[in-house]
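Engineer: Quick one: structure below, then a few questions.
The values are calculated or read from the model by the stated rules, or taken from the named source; none is laboratory data. This one's a predicted model, so the numbers in the text were calculated from it and none came from an experiment. Methodologically, a virtual Cβ is constructed for each residue, glycine included, from the backbone with ideal geometry; neighbour enumeration extends over all protein chains shown.
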Amino acid sequence: MAAGLGSRFGGVKQLAIVGPSGEAILDYSIRDAQAAGFGPTVLIVRSDIEADVRSHLAAVHGPEVDFRFVRQDDLGPARAKPWGTLHAILSAAVALDRPFAVINADDYYGAGSFARAAADLVDAAPGRATNIAFNLGNTVPPSGSVTRGICAVDDGRLVGIVETEECERRADGTLWAGGVQVADDTPASMNIWTFHHSVLDDFAERWQAFFAARSEDPQAECQLPTVVAELMADGRIEVEVTSSTEQWIGITNPDDLELARAALASRR
């Protein structure tokens with residue numbers, strides 16, 4: 001998913017250079033996904049950045065990778081702010097004819113996470129999905145706080161995600177989330193999922209319900225975790241949680257750029 005506005009970053013963070021040869025974070029993700037055995041890479045973009053994304057990927061990857069582009073704003077209706085991550089996936093439905101994984105273009109998940117996602121997709125089936133959860137301690141910056149989706153897990157199954165503010169590492173090394181001290185291995189969703197493509201029918205249904213209720217709100221977004229939670233509550237999908245011990249790397253604010261460059265310096 002590469003159609004975000006990057007409002008807090010102040011630019012097209014999907015293409016922010018973090019690697020020694022002009023790579024953006026999505027380039028590392030694409031390489032890791034290909035190494036894990038994934039097939040086509042579907043890029044969900046906005047019309048106004050499509051040409052830049054195409055040019056960048058051609059320069060970094062050449063003709064070897066099968067890229068397919070879809071424009072989130074083609075799904076409509078037109079609005080300055082994208083309609084959210086569930087809407088983004090639906091905009092790519094025409095290109096999703098097999099089980100698939102979902103990631104954010106500006107988050108780097110590590111090679112092990114893509115290997116885990118590829119393994120999960122071997123058993124992809126209708127009514128089943130996976131969330132590759134990170135240890136919360138591997139997703140917070142050295143200073144400052146972030147919001148993370150803290151996962152409630154029961155016997156390896158996802159039972160809820162709570163968007164939790166003030167996730168931070170304090171000066172004494174302890175980890176806190178929402179004002180409560182937590183363990184480093186508290187599972188956190190960073191928006192890397194796998195799905196059977198049949199779920200797109202359920203997603204379309206939920207999008208229609210969302211749009212009917214919220215279309216007049218210019219800030220409303222139809223988000224993937226919210227819809228997954230609704231489908232779980234209705235017994236229409238079961239989500240298995242698998243763990244990644246990778247160090248998450250991402251860009252939200254301008255100050256994150258140098259941190260990402262340093263963290264990726266040893267990667268290929």
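Engineer: Pairs, please: C-beta under 8 Å, at least 6 apart or cross-chain, first residue β-branched (Val, Ile, Thr) and in segment 102-114, second part of a strand (DSSP E or B) and surrounded by fewer than 21 Cβ atoms within 10 Å (Cβ to Cβ)?
Structural biologist: Listed by first residue and then by second, the contacts come to Val102/Asn191; Ile103/Asn191.
Engineer: Follow-up. If His197 passes every condition in (1) within 21 Å of Ala95 (Cα to Cα); (2) in contact (Cβ under 8 Å) with a residue 40 or more places away in the chain; (3) in a helix (DSSP H, G or I) but one, which one does it miss?
Structural biologist: So His197 meets the others, but not (3).
Engineer: So which residues in segment 212-236 are touching a residue at least 12 places away in the same chain (Cβ under 8 Å) and part of a helix (DSSP H, G or I)?
Structural biologist: Selection gives Leu224, Pro225, Thr226, Val227, Val228, Ala229, Glu230, Leu231, Met232.
Engineer: Take the conditions among the small types (Gly, Ala, Ser), outside any loop (DSSP other than H, G, I, E, B), touching a residue at least 60 places away in the same chain (Cβ under 8 Å) and surrounded by 14 or more Cβ atoms within 10 Å (Cβ to Cβ) and apply them to Ala188. Does it pass? Even if it seems obvious, please write down each step before you answer.
Structural biologist: Details: among the small types (Gly, Ala, Ser): yes; outside any loop (DSSP other than H, G, I, E, B): yes; touching a residue at least 60 places away in the same chain (Cβ under 8 Å): no; surrounded by 14 or more Cβ atoms within 10 Å (Cβ to Cβ): yes.
Spelling it out, it is not the case that Ala188 is among the small types (Gly, Ala, Ser), outside any loop (DSSP other than H, G, I, E, B), touching a residue at least 60 places away in the same chain (Cβ under 8 Å) and surrounded by 14 or more Cβ atoms within 10 Å (Cβ to Cβ).
Engineer: Have a look at Ala183, Ala177, Ala204 and point out the one that is at pLDDT 95 or above, closer than 15 Å to Arg148 by Cβ and touching a helix residue (DSSP H, G or I) at 6+ places or on another chain (Cβ under 7 Å).
Structural biologist: Ala177
Engineer: Something else: Are there helices (runs of 4 or more DSSP H) fully within segment 1-106 with at least 1 residues that are touching an Asp or Glu at 6+ places or on another chain (Cβ under 7 Å) and surrounded by fewer than 21 Cβ atoms within 10 Å (Cβ to Cβ)? List them.
Structural biologist: The helices (runs of 4 or more DSSP H) meeting that bar are 50-61.
Engineer: Let me ask something additional. Which residue is modelled with the highest pLDDT, if the candidates are limited to segment 142-151 and must be of a type in the set (Gly, Ala, Ser) and part of a strand (DSSP E or B)?
Structural biologist: So, considering only residues that are of a type in the set (Gly, Ala, Ser) and part of a strand (DSSP E or B), the one modelled with the highest pLDDT is Gly149.
Engineer: Would you check which residues across segment 165-204 are among the β-branched types (Val, Ile, Thr) and at positive phi and list them? Can you show your working first?
Structural biologist: Applying the first criterion (among the β-branched types (Val, Ile, Thr)) to segment 165-204 yields 174, 180, 182, 186, 192, 194, 199.
Within segment 165-204, no residue meets the criteria.
Engineer: Could you run through segment 148-176 and say how many residues are hydrophobic (A, V, I, L, M, F, W, C), more than 24 Å from Asp234 (Cα to Cα) and either touching a residue at least 12 places away in the same chain (Cβ under 8 Å) or surrounded by 14 or more Cβ atoms within 10 Å (Cβ to Cβ) (or both)?
Structural biologist: So the count comes out to 3.
Engineer: Here is a further query. Can you name every residue in segment 120-134 that is in contact (Cβ under 8 Å) with a residue 12 or more places away in the chain and either of a type in the set (A, V, I, L, M, F, W, C) or closer than 26 Å to Glu23 by Cα (or both)?
Structural biologist: Matches in segment 120-134: Leu121, Ala124, Ala125, Ala129, Ile132, Ala133, Phe134.
Engineer: Additional query: Taking segment 109-141 as the region of interest, how many residues are closer than 23 Å to Val70 by Cβ and at pLDDT below 95?
Structural biologist: Number satisfying all stated conditions: 0.
Engineer: A follow-up question, please. Identify all residues within segment 254-268 that are modelled with pLDDT under 80 and farther than 22 Å from Asn135 by Cβ; write none if there are none.
Structural biologist: Matches in segment 254-268: Pro254, Asp255, Arg268.
Engineer: Can you tell me which of (1) out of contact with any Leu (no Cβ under 8 Å at 6 or more places or on another chain); (2) at pLDDT 95 or above; (3) crowded, with 16+ Cβ neighbours inside 10 Å is the one Phe211 doesn't meet?
Structural biologist: Here Phe211 clears every test but (3).
Engineer: Right, Asp202: touching a residue at least 24 places away in the same chain (Cβ under 8 Å), buried (at least 18 other Cβ atoms within 10 Å of the Cβ) and either assigned to a loop (DSSP other than H, G, I, E, B) or of a type outside the set (A, V, I, L, M, F, W, C) (or both) or not?
Structural biologist: So Asp202 fits the description; yes.
Engineer: Take the residues in segment 226-262 that are crowded, with 19+ Cβ neighbours inside 10 Å and not β-branched (Val, Ile, Thr), then tell me which one is nearest to Phe210 (Cα to Cα).
Structural biologist: Leu231
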